Amino acid sequence: MNGITSLGAPWQAPTRAPLCAIATEIVPVDLLTQWRRCGMVSDCLADYMSYAFEHRAVARSILSTVVNELVENVAKYSADKLATARVSLEHHGTALVVEARNVAGPGHVETLGQVLAELASSEAAAVFARA
């Protein structure tokens with residue numbers, strides 16, 4: 001076993017190359033040392049990707065918010081704060097793939113799996129209300 005855990009059945013991107021893509025590698029300890037870097041990374045990725053959308057300002061706002069949550073989680077929940085993490089965005093025309101990869105501890109992986117399973121089988125608003 002390679003030690004990689006994937007939760008859920010990830011969406012499969014088309015076999016063709018994305019229309020637009022950007023990725024960055026970050027070291028979680030850098031984000032923890034200077035928390036503002038989370039927003040800087042998120043804004044940079046959102047600024048770049050927003051040009052793939054007709055309503056750039058709206059797209060930028062949404063992308064920045066979503067990516068910021070993922071970047072902050074990479075910083076907080078990385079088991080090895082010195083191991084490189086990766087955040088990427090790919091625009092495939094009708095779909096946008098946003099991915100965050102980091103080294104996570106078994107407890108966090110198990111908890112996330114439970115939350116995702118509950119979200120898949122329940123109404124999201126009710127799940128968040130209970131949390």
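Quick notes on this one:
- Cα gyration tensor, the stretch 75-131 - rounded (a/c under 1.5), prolate or oblate: oblate
- Full extension of the chain between Glu118 and Glu54 yields a length gain of 19.6 nm, computed as 0.36 nm times the residue separation minus the alpha carbon distance.
- Relative contact order computed over the stretch 15-87 (Cα-Cα under 8 Å; 6+ residues apart), in percent: 46 percent
- Neighbour-limited loop hits for chymotrypsin sites (Phe, Trp or Tyr not before Pro), the stretch 14-85 (at most 15 other Cβ within 10 Å; DSSP other than H, G, I, E, B): Trp35, Tyr51
- Sulfur and carbon atoms: percent of accessible area, the chain [1.4 Å]: 56 percent
- Each Lys or Arg adds one and each Asp or Glu takes one away; over the other residues whose Cβ falls under 9 Å from the Cβ of Glu99, this sums to +1.
- With at most 10 neighbouring Cβ atoms within 10 Å, loop GluC sites (Glu not before Pro) (DSSP) excluded, longest segment of the chain: 55-122
- Shape class of the chain from the alpha-carbon gyration tensor: rounded, with the ratio a/c of largest to smallest axis under 1.5.
- From its DSSP helices (H runs of at least four residues, each -39,500 (n - 2.57)), the chain gives a residue-normalised ellipticity at 222 nm of -16000 deg cm²/dmol.
- The slack between Val127 and Val29, meaning 0.36 nm per residue of separation minus the straight C-alpha distance, is 32.2 nm.
- For the chain, the solvent-accessible area of protein heavy atoms averages 66 Å² per residue (probe radius 1.4 Å; ligands and nucleic acids excluded).
- Cβ-placed point charges (K, R +1; D, E -1), dipole of the stretch 62-131 about Cα centre in debye, nearest 20: 180 debye
The values are calculated or read from the model by the stated rules, or taken from the named source; none is laboratory data. Source: prediction; values computed, not measured. Note that we place each Cβ from the backbone using ideal geometry, even for glycine, and neighbour counts take in every protein chain shown. Ligands, DNA and RNA are stripped out before the accessible areas are found, and what is left, the full protein with its side chains, is counted by its heavy atoms. Shrake-Rupley method; radii C 1.70, N 1.55, O 1.52, S 1.80 Å.
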